[in-house]
């Protein structure tokens, strides 16, 4: 699936080298054998063969790696992709093939006819209007919120999701002066640690913390931040501290826990498709890498429930919206793929749109306009968190550019009561963005 993703969305996915440092005599042979099996499983869609590295080769690859006690390393290759951009491009691909895509439409009730699900009732979160949608099949693909929809179908049903929180810190590029990533598969307390280059910065993670109830905006715990900083310091020559953190963000993994285990690290990351008595099709679990296979399995079940004719999936070789193989990765706009030329054409007509929103961020004003016109952006948070990644790259700087973004969006959306809308949007955004600033309570 990773190889297919690189094949179908080359403008968003690229090859990334990972170095596993060895500080114990057994690390190299142990991880070396495991990664050779990894190579075999990847087959012809593999991104490159893994191999052992000497101490000198390891430090040449990662100059900022802690040299004391280092014996060598293992290098292997994986794919790195833009997750938010992929989500947008997938929605655009669906639309290209005739789907009607709606956002800010919250499902509040499942409709049933003769005890069989026949549609949903949803609330337009902008207007407050209640709207009914009828359908031969309803698919529940709501991630960590899967059980909420299942409850609408079967009140009191046994939950299947055990949310697990993963936290990431974004640091300046100086902490990893390399185009390769660091991967530590097993820290002293058994967790995984990685440091990955990303947009001229470094993403360091991660944690695996059980969460009782899923929320839209999970917050990093101080103990999680401390864990990452402490363990990163063991593997980097320059020890990161709270003052170095540009942004801290948390995400929730929708782990399917059918056995009722409590250790989230031990719960499978596999996906599961379930069909209820009333015909609700639920897809739960899984991960980004296998999204295509998840969708294929889900649609096969949904087609059976709806009584639709059987037909083979075309997504193995389906080019995602924006597909472009020859991309200039030195140009920030490469992530728009084939849409880049339309953004550049817009800038030719209105040169001011080519100006950066902030000197220390890669984003330009034209991206705000494009997000509103072509990518369903409805809020400042949409633009700064999910169309661009300004919030994740530097939370404080994103707050500084928010007023200008709000002003531009208000014009594009032609909102009524412009000043009031901008004020409300800025308050909502600032409340969210503050959570991405590292909070130290001791």
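Throughout, read-outs are computed from the coordinates displayed, never taken from laboratory work. What you are looking at is a predicted structure, and each value in this text was computed from that prediction instead of being measured. FYI the Cβ positions are ideal-geometry reconstructions off the backbone, even for glycines, and counts take in every protein chain you see.
Below 8 Å between Cα atoms, with a sequence gap of 6+, how large is the relative contact order for the chain in percent?
Taking the mean separation of contacting Cα pairs over the length of the chain, I get 16 percent.
What's the exposure ranking of 60, 414, going from fewest to most Cβ atoms within 10 Å?
Fewest-to-most Cβ neighbours within 10 Å comes out as 414, 60.
By its C-alpha gyration tensor, with a ≥ b ≥ c as the square roots of the eigenvalues, how is region 332-436 shaped: rounded for a/c under 1.5, else prolate for a/b larger than b/c, else oblate?
The shape class here is oblate.
With a ≥ b ≥ c taken as the square roots of the eigenvalues of the C-alpha gyration tensor of region 187-309, please select rounded if a/c is under 1.5 and otherwise prolate if a/b is larger than b/c or oblate if it is not?
prolate
Grab the beta carbon distance between residue 116 and residue 238, set R0 = 56 Å, and tell me the FRET efficiency rounded to 0.05.
With a Förster radius of 56 Å, E is 0.40.
Among 23, 31, 291, 97, rank each residue by its count of other Cβ atoms within 10 Å, from fewest to most, as a rough exposure measure.
Fewest to most other Cβ atoms nearby, the residues stand as 97, 23, 291, 31.
Pulled fully out, how much extra length does the chain show between residue 60 and residue 148, if you take 0.36 nm times their separation in residues and subtract their Cα-Cα distance?
26.7 nm
Mind ranking 306-314, 143-151, 379-387 by how tightly packed they are, going by the mean number of other C-beta atoms within 10 angstrom, highest first?
On the way: 306-314: 9.4, 143-151: 18.7, 379-387: 23.8.
Final packing ranking: 379-387, 143-151, 306-314.
Going by how many other beta carbons lie within 10 Å of each one, how would you line up 199, 186, 11, fewest first? Don't skip to the answer; put the middle values down first.
Values: 199 19, 186 13, 11 25.
Fewest-to-most ranking of 199, 186, 11: 186, 199, 11.
Quick check on region 169-214: take the gyration tensor over C-alpha atoms, sort the square-rooted eigenvalues as a ≥ b ≥ c, and tell me if it's rounded (a/c under 1.5), prolate or oblate.
Note, shape of region 169-214 comes out oblate.
For the chain, what does -39500 (n - 2.57) per DSSP helix run (n ≥ 4), summed and divided by total residues, give at 222 nm, in deg cm²/dmol to the nearest 500?
-10000 deg cm²/dmol, from helical runs alone.
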